[in-house]
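The values are calculated or read from the model by the stated rules, or taken from the named source; none is laboratory data. These figures come from a predicted structure and were not determined experimentally. A quick note on method: Cβ atoms are made from the backbone with ideal geometry, for glycine too, and the neighbour counts reach across all protein chains shown.
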Amino acid sequence: MNNQHKSLEEVHQSVETDIKGSRFKKILSFFGPAYLISVGYMDPGNWATDLAGGSQFGYTLIWVLLMSNMMALVLQSLTARLGIVWGKDLAQCNRETYPKKMNFILYILAEIAIAACDLAEVLGMAIGLNLLFGLDLLWGVAISFLDTFLLLYLQRLGMRKMEMFIIGLIFMIGMCFLVEMILAQPDMASIASGFIPSIPNTAALYISIGIIGATVMPHNLYLHSALVQTRKINRDESSIRKALKYNFWDTAIALNLAFFVNAAILILAASVFHKNGMNNVAELQDAHKLLAPTLGSEWAPRLFAVALILAGQSSTVTGTLAGQIVMEGYLRLRISPALRRMLTRLLAIVPAILVIYIAGDDEVGPMLVFSQVLLSMQLAFAVIPLIHFVSDRKRMGVFAISTGLKIIAWTIAVIISFLNFQLVYEEITNWIKVFNNPWLTALLIIGGVGLFVLLLLTVLYPIIKLKKKVNMEVHPPFQDSVLETPAFNRIALALDYSSSDPLVVSYALKLAKPGTQFILIHVAESASSRMMEEDTDDYEKRHDEARMSRYIQLFKDQGFETSFEVGHKNRVKFIAKVCNYYQADLLIVGSHGHRGLKDFIYGETVNRLRHRVDIPVFIAQ
């Protein structure tokens, strides 16, 4: 198994599963990844469809939530299977299978989906802060940037502590809605009848489509395939089967908790709003406003707002991890986790702030819908490759999924993809009618056709076996041939007449060969030298000239041709200019041994210099 390019390398196989002692502890060591996934199924983007379904149709559509949860369970278990057996995440597998240009488009779509998901979480948290504390939405969105540092702190604590933090948030969300259920006192018989499939009318069908379409989040498929690799397991068949079994139960329990939260929102809307004739409650703000007078308790709206904040906060942790996975998997590009988190959050915050500032708070609801449309566009491009990969007997071996499970998986993929594309189609049609702009219409049509063609390629490419072998390593292939020692014909020495000069000269002579030419460089730094340059005639200049003469004579005595250059301004630019003029093969500089504040005080040359020259820089220290 080639694991040189590891998903989430800083936590890869960081959780030990071969635990001595009780079987319960061993099983518990596998539990955790699915809870990070489950928060994506209860994020603020799902709340609107649950509220609309409950307020309009009471308990009738609970079965839709259950069905969508079962679909999610199948897909997430397949994702876990891919990560455990193949040993790569979904983004890495895509890169290994599809052409380079197609992979880049898939990467862009994945990044858009992650930004859209983060947008929903930012807005949800901002709305929660507004409802609970009366904080302006604009400030709520800005404050959400601070959770960047919370995630960085959690990552430093380790994978298990991050999982415990998320489980704690999920527990508090569940407790909030449990209290809401006690206050609402729903009709248990009506809840039970809601599990019997029925669609009262076309409006119920439309909301059902929204519930199913908003269930599976594309970034969760990338994320889960990487998170299961945080567990250290043996690679024999028995150990892999145990890992698959325990991860399935982990997924089943976590997604059932997500089902409880979504069902609780729908039941709350049914027992509070639908029961009292309020059939058009779909906005989070409306639900919060109507809970207190309807239930007669001030705690109901407060708990609703707290749960909304917790849902937004817990979901935001997974977005960054998913972003890291798709960037490393598709592009083989690793950047600082802090920078990655800030970029992801800014992609969500900037549009939210602009829309709220320009259009006002009334556009927050439509923006939430827009984020769900963007998520819907990406889903098929994650689900279809996943099914291809776990069906591949060549790579999965005995762990490839059965024919029956293939049929179920493809049926789910077709249903979810169709419903999501229908949602996208309806929204695009609505935009065309509202804006009535021929250029926008043409752009949307071209984009739609392009997505459809890309979808066909995603389906067909693995089937017709047009595969290419792609180097999956982060670094270039290891060269096991013995390399010849490079010949340095012209060696430049940056001399500052400090204690590091003897080392610079010593290394230069060791790296030289007969016929090597030396270029000695010094930058005068006295005040008069900087002001008058060559015209100065102070003590330091005379002392520098004497020192340079001695160095030139030293090299000539060794039989080497030697030139020298003296500059008076900007050490970095001058040294780089001399190296370029003489076409030097190597530059040797001395290190002062200071850093941080001293670099700011005394000046810092080496780090900036190595970016200005295109030759090797040897640091003598």
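What to note about this one:
- Among the criteria (1) more than 30 Å from Val85 (Cα to Cα); (2) at pLDDT below 90, the one Asn220 does not fulfil is (1).
- In the stretch 593-606, of all residues being surrounded by 11 or more Cβ atoms within 10 Å (Cβ to Cβ) and not in a loop (DSSP other than H, G, I, E, B), the one that is modelled with the highest pLDDT corresponds to Val606.
- Residue check, Ser29 among the hydroxyl-bearing types (Ser, Thr, Tyr), modelled with pLDDT of 80 or more and touching a strand residue (DSSP E or B) at 6+ places or on another chain (Cβ under 8 Å): yes
- In the stretch 400-422, the residues that are in contact (Cβ under 8 Å) with a residue 40 or more places away in the chain and farther than 20 Å from Leu66 by Cβ reach residues that are among the hydroxyl-bearing types (Ser, Thr, Tyr) and buried (at least 19 other Cβ atoms within 10 Å of the Cβ) with C-beta atoms within less than 8 angstrom, at least six apart or across chains, in these pairs: Ile401/Ser391; Phe421/Ser376.
- Against the list (1) within 20 Å of Val459 (Cα to Cα); (2) in contact (Cβ under 8 Å) with a residue 40 or more places away in the chain, the condition Met125 fails is (1).
Matching residues to (1) exposed (fewer than 13 other Cβ atoms within 10 Å of the Cβ); (2) under 22 Å from Asp50 (Cα atoms); (3) among the aliphatic types (A, V, I, L, M):
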site: Leu347; (1), (2), (3): no, no, yes
site: Ser376; (1), (2), (3): no, yes, no
site: Met396; (1), (2), (3): no, no, yes
site: Ile407; (1), (2), (3): yes, no, yes
site: Thr429; (1), (2), (3): yes, no, no
site: Thr441; (1), (2), (3): no, no, no
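- Residue count for the stretch 5-48, restricted to those that are over 27 Å from Trp86 (Cβ atoms) and polar (S, T, N, Q): 2
- The residues listed here are Arg571, Arg530; of these, the one that is charged (D, E, K, R), surrounded by fewer than 18 Cβ atoms within 10 Å (Cβ to Cβ) and either under 20 Å from Arg612 (Cα atoms) or at pLDDT below 85 (or both) is Arg530.
- Single unsatisfied condition, Phe560 versus (1) modelled with pLDDT under 90; (2) closer than 30 Å to Pro514 by Cα; (3) aromatic (Phe, Trp, Tyr): (1)
- Residue within the stretch 167-189 that is among the small types (Gly, Ala, Ser), more than 20 Å from the chain's Cα centre (by Cα) and closer than 28 Å to Val228 by Cα present: yes
- Among the candidates Ala292, Ala305, Ala269, residue that is over 16 Å from Gly140 (Cβ atoms), of a type in the set (A, V, I, L, M) and surrounded by 19 or more Cβ atoms within 10 Å (Cβ to Cβ): Ala269
- For the stretch 62-69, the criterion of a residue being crowded, with 22+ Cβ neighbours inside 10 Å, of a type outside the set (D, E, K, R), in the same structural domain as Phe381 (by TED's automatic domain parsing) and under 21 Å from the mean Cα position of the chain (by Cα) is satisfied by no position.
- Boolean, Leu205 is under 20 Å from Ala72 (Cα atoms) and out of contact with any helix residue (DSSP H, G or I) (no Cβ under 8 Å at 6 or more places or on another chain): yes
- Among residues that are in a helix (DSSP H, G or I) and within 17 Å of Phe248 (Cβ to Cβ), Gln76 is included.
- Among the residues here, Lys20 does not qualify as in a helix (DSSP H, G or I), within 22 Å of Ile233 (Cβ to Cβ) and free of Cβ contacts under 8 Å to residues at least 40 places away in the same chain.
- Check on Lys25, part of a helix (DSSP H, G or I), surrounded by fewer than 23 Cβ atoms within 10 Å (Cβ to Cβ), of a type in the set (Lys, Arg) and free of Cβ contacts under 8 Å to residues at least 40 places away in the same chain: yes
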